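**Q** Structure in structure tokens, see below.
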Amino acid sequence: MALKAHLESKPYPLPTVVDRVPRDATPKHGAVLPGWKETDQGSLFVKNAKGDLLRLSWESRQGSAAAKLGGRMLPAGKYELVGYRVVRKSEDGTTWHLSGTGHGIAEIVVPDGGTVKAPDVAFVGAGKSLRNNGHVGMAFQGLHGCGLTVYKEGKRIPAGYRILSADGKELASGKITYG
């Protein structure tokens, strides 16, 4: 109950959503492009110099067609990437998503009148296994070491592991819960 009272007494502002491709360039603004495949959807969470949280969204609304990958306009300046969410449907129709959070994941510098691509955030792997940017091992990390959670059909999944001998024989295997 103490946590509930605390949260109710100090409301936390929701991020400002930036989800449209502008028709015309605005002076002293630049465009941010996402760092994922065109077939994926997602959002980037950034903080500006004042500490305001912004959500740059490339996610469809209410079942509409996938959001366009065009740039999202922001005032020129430095932004801190503090989170991301990337959604992908696999060939069998399963919905997967990666959710990463952390302080100082990356810096995004939006150029006046120009375009910048956000750091790559991608699903990597084959078949039903997924890895994030080549990280392998027992560390569950996203881009630049941030916290990472993987979801399948909206539910966090346990991570599978296999321990192999030098000659490739399986010594142990199982699933680990995390997060």
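**Q** Which residues, taken from segment 156-171, are in a strand (DSSP E or B) and not hydroxyl-bearing (Ser, Thr, Tyr)?
**A** 156, 159, 160, 162, 163, 164, 170, 171 - these are the residues of segment 156-171 that are in a strand (DSSP E or B) and not hydroxyl-bearing (Ser, Thr, Tyr).
**Q** I'd like to verify a number: residues in segment 144-171 that are at pLDDT 80 or above and among the hydrophobic types (A, V, I, L, M, F, W, C), how many?
**A** 1
The values are calculated or read from the model by the stated rules, or taken from the named source; none is laboratory data. Computed from a predicted model, the values in this text were never measured in an experiment.
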